[in-house]
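Reading through the structure tokens given below for one structure.
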Amino acid sequence: MGQGFQLKDSTKEALAGYGFLLPNFIGFLVFTSIPVLASLALSFMKVDLISSPKIFKLVWFENFRQLFRDPYFWKYCWNTVVLMMAIPFSLAGSLILALALNQKLKGIVIFRTIYFLPTICSGVAIYVLWRLIYNSDFGVLNTLIAKFGALLHLPLKGPNWLTDEAWAKPALIIMGIWQSVGGYNMILYLAALQGVPRDLYEAAEIDGANSWQKFWAVTWPQISPTTFFIATMSIIGGFQAGFDPAYIMTGGGPNGATTTIIYYIYNNAFEWQQMGYAAAISWVLFLVILAITIVKWKMFGKLVHY
Amino acid sequence: MANDPSLDVKQLVREERRKNLFKKTGIYAFIFLGALTMLAPFLWMIATSLKMPGEVFSYQKPWWYDWVPTSFVWQNYVKAWRIVPFARFYLNSIIVVVLTTLGQVTTSAFAAYAFARLRFPGRDKIFFAYLATMMIPGAVTMIPVFILLQELGWIDSYKAVILPGIFTAYGTFMLRQFFLTLPKDLEDAAKIDGCSYFGIFWRILLPLSKPALATLTTFTFMGSWMNFMWPLIVLNSHEKFTLPVGLAYFQSLHNTDWTLLMAGSLMMILPILLLFIFNQRYFVEGIKLSGIKG
């Protein structure tokens, strides 16, 4: 008091604001926003970190030109899209499970916990587990198939799941569905189902609708925002997915059948020292995701029913 | 025909009940089968981890053989622990995960308070920049951050794993959204009483935000525990490996030791499982929060 110099309240507040923001903001600059720009710059360069001094040579659009002519890039893009086949199945499964769990039944919480286990545990340990499950000679899946065949007196033999080019992708898709069907999406659907107004069902009942009709006339339109949200988020995630399971289970093979875009970026950047090229691929990936995000924003109001 | 209308009603109720029972049994059967499918791989994992190495392959054995641990070779766990430095991996993971989570929650809470409650020039622009980066794939920043860490000589250190994991826009965004839902009156009253900004944050906002903080803690912990790609990129020496990288390394060394591989995998999952079972409600809340933002 009486020092003659006092900061205005608004200045004090602003200073406090900067102070609180600062620790996070520095990290945000160093590890996110500056690297984004640096990555754009790298995508126009040939980078060699092994030679000394390190080489950063500007080549303009050379990386992008190479990329569009690179058959492997297109193959891995295709792989990434094919692996996203898991999304519609997983989405439908999540909804069916949510509908079943939405009934007022005893012991539901236990089931919800069990369904969530594969999602919670997802990671290297689960991929190691599934690599053994899919083992063509001794894995439990092919053992089951053979035993089932014996039961029917048929010589059933399971495929070489992870080493056959035709079966590696289906194997990863099946595992992906198992992993995601009871997880986040089911919880989101459960929340959405609980938010559907009861009187809509009552009105439908008065009109004589059966359960099937009620689902399509009331439930499905009412939860469409959730469906749309889950679908777009899954697609965005799908474009960036596939590294961990492929690295552990197949090494990206057989013959590149399970290498996805992100795996190709990893290989280029950290196995083959093609950092400029890897940065260019990552920017193409970013642009694809950006496009989907924009479509999502534009469509959200139009397509879905509130 | 019955003249008593209550008879009709009774019959109707009975029929309704029978229909309901039928429906309930059907749903239970469905849910139960689904749960079995979810659990089967885990059961097989546990059973395998407890077998003798030679016992794993079971063509001539009865069908249940794969699913029941017929022998209890606890030695597998000890062996897995000895063959690679699992204890070391555990310790590394704990160090990395605890520091990442602590850093993430603290800095996010600070920043979220600034964004939600304080007015300063440029605030909305900076917040928009945060939002915009949320859709950038990790692959984009991965390469420059790696080069930066290499320039700093931090490759193959805990720092290299921890620091980039701390600063995610998502944590700040989530906490900001939560702070905005809290009533302001208490803070205004505290301000009039001469409470500092830090005091308001620490003594009023944080205690009210325990559920959101718990959710962010749980999610960061889990993500960091399972994170594989980044530690794989920046760590080289075995004694610094986190559990996922360590397990992958273990697999590359002992490709065919199924019993040991399953024992090792189970040991990696166990902490997450416990965390989930005790913190389930925060998972559910966190997922719902993330769903609202769409």
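Filtered by the rule that a residue be of a type in the set (A, V, I, L, M), over 17 Å from A:Ser51 (Cα atoms) and free of Cβ contacts under 8 Å to residues at least 24 places away in the same chain, segment B:147-162 gives a lone residue, B:Leu152. Restricting the search to helices (runs of 4 or more DSSP H) fully inside segment B:189-294 and requiring at least 2 residues that are polar (S, T, N, Q) and within 30 Å of A:Ala246 (Cβ to Cβ) gives B:210-226, B:243-253, B:258-292.
Suppose we filter A:Leu83, A:Leu91 for residues that are in contact with a Lys or Arg (Cβ under 7 Å, 6 or more places away or on another chain) and touching a residue at least 12 places away in the same chain (Cβ under 8 Å); which single one remains?
None of the other options fit; the residue is A:Leu83.
Exactly one residue among B:Thr218, B:Thr256 is hydroxyl-bearing (Ser, Thr, Tyr) and either out of contact with any helix residue (DSSP H, G or I) (no Cβ under 8 Å at 6 or more places or on another chain) or farther than 30 Å from B:Ser49 by Cβ (or both), and that residue is B:Thr256.
Does A:Ala125 fit the bill of being at the interface with another protein chain (Cβ under 9 Å from one of its Cβ atoms), part of a helix (DSSP H, G or I) and more than 20 Å from the chain's Cα centre (by Cα)?
For A:Ala125, the condition - at the interface with another protein chain (Cβ under 9 Å from one of its Cβ atoms), part of a helix (DSSP H, G or I) and more than 20 Å from the chain's Cα centre (by Cα) - is not met.
Could you tell me whether segment B:83-102 includes any residue that is more than 25 Å from the chain's Cα centre (by Cα) and in a helix (DSSP H, G or I)? Looking through segment B:83-102, at least one residue is more than 25 Å from the chain's Cα centre (by Cα) and in a helix (DSSP H, G or I). Residues that are among the aromatic types (Phe, Trp, Tyr) and within 15 Å of A:Leu42 (Cα to Cα) were ranked within segment A:60-81; the one that is surrounded by the most Cβ atoms within 10 Å (Cβ to Cβ) is A:Phe64. So which residues in segment A:146-189 are β-branched (Val, Ile, Thr), within 14 Å of another protein chain (Cβ to nearest Cβ) and outside any loop (DSSP other than H, G, I, E, B)? The answer is A:Ile174, A:Ile177, A:Ile187. Checked against (1) in contact (Cβ under 8 Å) with a residue 24 or more places away in the chain; (2) closer than 30 Å to B:Leu50 by Cβ; (3) more than 8 Å from chain A (Cβ to nearest Cβ); (4) not small (Gly, Ala, Ser), B:Pro244 passes all but condition (3). A count restricted to segment B:119-163 and to residues that are more than 11 Å from every other protein chain (Cβ to nearest Cβ) and aromatic (Phe, Trp, Tyr) stands at 3.
Every listed requirement among (1) farther than 30 Å from B:Trp202 by Cβ; (2) more than 7 Å from chain B (Cβ to nearest Cβ); (3) out of contact with any Gly (no Cβ under 8 Å at 6 or more places or on another chain) is met by A:Ile26 save one, (1). Looking across segment B:164-189 at every residue that is within 12 Å of chain A (Cβ to nearest Cβ) and among the hydroxyl-bearing types (Ser, Thr, Tyr), the one that is nearest to B:Leu235 (Cα to Cα) is identified as B:Thr168. Picking from A:Thr219, A:Thr232, A:Thr258, which residue would you name as being within 13 Å of another protein chain (Cβ to nearest Cβ), surrounded by 14 or more Cβ atoms within 10 Å (Cβ to Cβ) and among the hydroxyl-bearing types (Ser, Thr, Tyr)? After ruling out the rest, the residue left standing is A:Thr232. Residues being surrounded by fewer than 22 Cβ atoms within 10 Å (Cβ to Cβ), within 28 Å of A:Trp130 (Cα to Cα), at pLDDT 90 or above and within 7 Å of chain B (Cβ to nearest Cβ) are represented in segment A:265-272 by at least one member.
Conditions tested, residue by residue: (1) assigned to a helix (DSSP H, G or I); (2) closer than 18 Å to B:Trp230 by Cα; (3) not assigned by TED's automatic domain parsing to the domain that holds A:Pro71.
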residue: A:Gly252; (1), (2), (3): no, yes, no
residue: A:Asn255; (1), (2), (3): no, no, no
residue: A:Thr258; (1), (2), (3): no, no, no
residue: A:Tyr263; (1), (2), (3): yes, yes, no
residue: A:Asn267; (1), (2), (3): yes, yes, no
residue: A:Gln273; (1), (2), (3): no, yes, no
residue: A:Tyr277; (1), (2), (3): yes, no, no
residue: A:Ala280; (1), (2), (3): yes, no, no
residue: A:Phe286; (1), (2), (3): yes, no, no
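Flag: B:Leu216 matches the condition of being touching a Ser or Thr at 6+ places or on another chain (Cβ under 9 Å), closer than 30 Å to A:Lys12 by Cβ and assigned by TED's automatic domain parsing to the domain that holds B:Val96.
For A:Leu91, indicate whether it is among the hydrophobic types (A, V, I, L, M, F, W, C), in contact with a helix residue (DSSP H, G or I) (Cβ under 8 Å, 6 or more places away or on another chain) and either surrounded by fewer than 23 Cβ atoms within 10 Å (Cβ to Cβ) or not assigned by TED's automatic domain parsing to the domain that holds A:Ala246 (or both). For A:Leu91, the condition - among the hydrophobic types (A, V, I, L, M, F, W, C), in contact with a helix residue (DSSP H, G or I) (Cβ under 8 Å, 6 or more places away or on another chain) and either surrounded by fewer than 23 Cβ atoms within 10 Å (Cβ to Cβ) or not assigned by TED's automatic domain parsing to the domain that holds A:Ala246 (or both) - is met. Checking B:Tyr65, B:Tyr59 one by one, the residue that is within 14 Å of chain A (Cβ to nearest Cβ), at pLDDT below 90, within 19 Å of A:Asn142 (Cα to Cα) and in a loop (DSSP other than H, G, I, E, B) is B:Tyr59 and no other.
Just checking, how many residues over segment A:64-122 are under 20 Å from A:Thr258 (Cα atoms) and of a type in the set (Ser, Thr, Tyr)? Residues in segment A:64-122 being under 20 Å from A:Thr258 (Cα atoms) and of a type in the set (Ser, Thr, Tyr): 5 in total.
The values are calculated or read from the model by the stated rules, or taken from the named source; none is laboratory data. A quick note: this is a predicted structure, and the numbers were derived from the prediction, not measured. A quick note on method: Cβ atoms are made from the backbone with ideal geometry, for glycine too, and the neighbour counts reach across all protein chains shown.
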